[in-house]
Every structure is written in C-alpha cells, then in structure tokens.
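Notes for the one structure printed next.
Values quoted throughout were computed directly from the atomic coordinates according to the rules given, and no laboratory measurement underlies them. Every value quoted in this text rests on a predicted model; they were computed, and no experiment measured them.
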C-alpha cells in the first residue's frame, strides 16, 4: 500500500513539473512572436498544467480503483 501512495504522489508531482515545462515551451512556440517570449512563456506555464495535471490525477484515481 505504501508503494502505491508514493507512486501516486510521485506521478502527480512529475506531471506538474512536466506540464509547466511543456506549457512554457508551447506558449513560446505558439505566441512568442505576437505576445513576446516572456509573456507567452509565463502564460503557457500558468495554463499548461490545467489539462496535464487534471488528466494525471484522474488517471491515478482510476488506476487506484481498477488495480
């Protein structure tokens, strides 16, 4: 049981980090020219985790129920 809780916590923390990083890169790539790289990166870092972390949390809950 302890492994499962630790793995769930690790996956959520890793998903937060990866979502922020992916949001920054995606924001700079998509809106860097129009908004400026700093603002686009900051907005991407803020809005990137909205979908990424939510998906991982739902996946962890479903995996905990199924397995």
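Between the helical axis of 2-35 and the longest alpha-carbon principal axis of the chain there is an angle of about 10 degrees. Helix 37-66 axis versus longest C-alpha principal axis of the chain: approximately 20°, rounded to the nearest ten. Between residue 65 and residue 7, the contour length at 0.36 nm per residue exceeds the alpha carbon distance by 19.4 nm. Estimated from helical segments only, the mean residue ellipticity of the chain at 222 nm is -34500 deg cm²/dmol, where each DSSP H run of four or more residues counts as -39500 (n - 2.57). Put simply, the C-alpha atoms of the chain give a gyration tensor, and the ellipsoid matching it has half-axes of 31, 10, 6 Å, longest first.
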